[in-house]
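Here the structure comes first, spelled out in structure tokens, and everything after it is commentary.
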Amino acid sequence: MTGTGRGGGPRETAYDTVIVGGAVMGSSLAYWLSENPDYDGTVLVVEMDSTYERASTTLSEASVRHQFSEPVNIRLSMFATEFIAEFHQHVQVDGESPDLGFRDTGYLFLATDDGMDVLRENHEAQRSCGAEVALLSPGELADRFGYMHIDDLAGASLGLRNEGTLDAYSLMRGFQQRARHNGVEYATDRVIGLRTTPARDRVTHVEMASGAVVACDRVVNCTGPRARWMADLVDLPLPVEPRIRGAWVFDCRTPLDGPTLPLTIDTTGMHVRTEPPHYLAGMPPVDDIAVDPEDFAVREAEWEDHIWPALVHRIPAFERIGVTHRWVGHYAYNTLDHNAVVGPAGAVPNFYFCNGFSGHGLQQSAGVGRALNELITYNEYRTIDLSQMGHDRIVAGKPFLEKAII
Ligand SMILES: Cc1cc2nc3c(=O)[nH]c(=O)nc-3n(C[C@H](O)[C@H](O)[C@H](O)COP(=O)(O)OP(=O)(O)OC[C@H]3O[C@@H](n4cnc5c(N)ncnc54)[C@H](O)[C@@H]3O)c2cc1C
């Protein structure tokens, strides 16, 4: 591989792989391609905002869980755990790497009677993949988390190990520093067009807002909540839209009397976790609709009308809290089935999707980047098989549903 560019325009006129979007997904793929001795091509990452301050990655709540319903999602997150454990060795440059600050706090999914069947099914799937999870009865819940109101609960699922929170920016930076060190070039520009063959069955060039045009063998769509606009450039269907998600950080006057609060998913959809020395909560908005990708307005009423009441109901000590700060970001939300779309487009085989990660893309980035690198290099998946996430199901309108969505 050649090139060590640190921003600015592209230095060459042609690249083997052009990745559009340089946040956690784009940079993970760049990292894995550049680490793979069998991939001997060049890589250009085009990123329109080198601060990443509006990327989902940096606005994420940055947590990892093994508690999904689909084995492929469980395996991707279990690989995240492995990758996190050896992050320094993987991404270090001259002995330096960003600090991920992983905190192993667990996730706790709460359920009423209605939710218990799904909780048990998910539990079986998680155990069969080797996840360390336990089903808790209301009595066990009360014994363990005495500060929690449990009268309306029928049970819960608790992650016993390897679930928790990390620093999202550091994860992205780790991929970037090592990819750059390996020769990946980053250009600061916005992709505005894709040129194709007359039959429109191959992408030949990538056009940028600056006027730069580069030829490419393949292009990978890692544009997060804007993914649909990139797919539109080659007339490919992609039911992925930006949906707003808020995060509220608050201070609790009276410390909770008991063990650390895991990332707890309430039966209302509200979730809350520790963010030492504070707590962090969020909830899907009542009107969960597509928004403009430039819309970063905090929905204040969501806190007052829905999140805080749900918090107080579940943990009465949260009656006396003060919000210290809050922000919103966007999920890249797949309206067909909440699952990611990964792999080439049948109609344009050198256009690759890496999209639709909703609220779990950060933890999937290491596994998805590795898998997509295999598909590009060997034309097959060699570690985690992501074929169920392929674009063919979008074309066929056949959902591949993930049930454990936050
Ligand atoms: C509030 C919130 C909480 C979350 N919590 C979690 C969590 O706990 N755990 C978890 O795993 N995931 C979580 N997620 C999801 C996770 O953050 C995302 O799935 C992940 O960051 C997606 O990464 P990405 O690289 O695909 O997209 P992004 O981070 O959005 O990056 C896309 C990049 O593409 C660039 N781009 C877009 N269009 C163009 C263009 N035309 N030309 C050039 N560049 C372009 C953008 O500038 C951006 O940098 C959360 C997300 C939000 C919003």
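With +1 assigned to the C-beta of every Lys and Arg and -1 to the C-beta of every Asp and Glu, and no other charges, what is the dipole magnitude of the chain about the Cα centre in debye, to the nearest 20? Write down the numbers at each step before the final one.
On the way: 33 positive and 56 negative charges, 131 e Å.
In debye, rounded to 20, the chain gives about 640.
Excluding the sites themselves, what is the longest stretch of the chain that contains no GluC sites (Glu not before Pro) in a DSSP loop with at most 16 other C-beta atoms within 10 Å? Could the numbers behind the result be given before it?
Working: sites that count: GLU12, GLU53, GLU86, GLU132, GLU294, GLU380.
Free of exposed loop sites, the longest segment is 133-293.
How big is D, in µm² s⁻¹, for segment 88-178 by Stokes-Einstein at 25 °C and 0.890 mPa s if Rh is the Kirkwood radius over C-alpha pairs? Please report the intermediate quantities before stating the final value.
Values: Rh = 15.4 Å.
For these conditions, the coefficient is 159 µm²/s.
To the nearest µm²/s, what D does Stokes-Einstein give for segment 176-272 at 20 °C and 1.002 mPa s, using the Kirkwood radius over alpha carbon pairs as Rh? Write down the numbers at each step before the final one.
Details: Rh = 18.0 Å.
Result for D is 119 µm²/s.
If each of LEU160 and TYR147 carries a label point 7 Å out from its Cα toward its Cβ, how far apart are those two points in nm?
It is 2.4 nm.
Only bridges whose two residues both fall in the chain count here: according to DSSP, what percent of them are antiparallel, nearest 5? Please report the intermediate quantities before stating the final value.
Working: 49 of 70 bridges.
Beta bridges within the chain, antiparallel portion: roughly 70 percent.
How are the C-alpha pair distances of segment 206-353 spread across 10 Å bins, as whole percents from the shortest bin up?
10, 32, 24, 18, 12, 4, 0
Based only on Cα atoms, what mean projected area does the convex hull of segment 1-155 have, in nm²?
Working: hull surface 51.3 nm².
Taking a quarter of the hull surface, the average projection is 12.8 nm².
May I ask for the distance between the Cα centers of segment 310-356 and segment 112-149, given as a whole number of Å?
Answer, in whole Å: 23.
How far apart, in nm, are the 7 Å Cα→Cβ label points at GLU304 and ARG120?
Distance between label points: 4.3 nm.
What does the charge dipole of segment 38-192 about its Cα centre add up to, to the nearest 20 debye, if the Cβ of each Lys and Arg holds +1 and the Cβ of each Asp and Glu holds -1?
On the way: 12 positive and 27 negative charges, 43 e Å.
Dipole size: approximately 200 debye.
Using 7 Å Cα-to-Cβ label points, what is the ALA347/ASN36 separation (nm, one decimal)?
Roughly 2.6 nm, to one decimal.
Bear in mind these aren't lab numbers, they're just calculated from the coordinates by the rules spelled out. In this text, all values refer to a predicted model and were calculated from it rather than measured experimentally. When we count neighbours, we look across all protein chains shown, and the Cβ atoms used for this are built from the backbone with ideal geometry, even at glycine.
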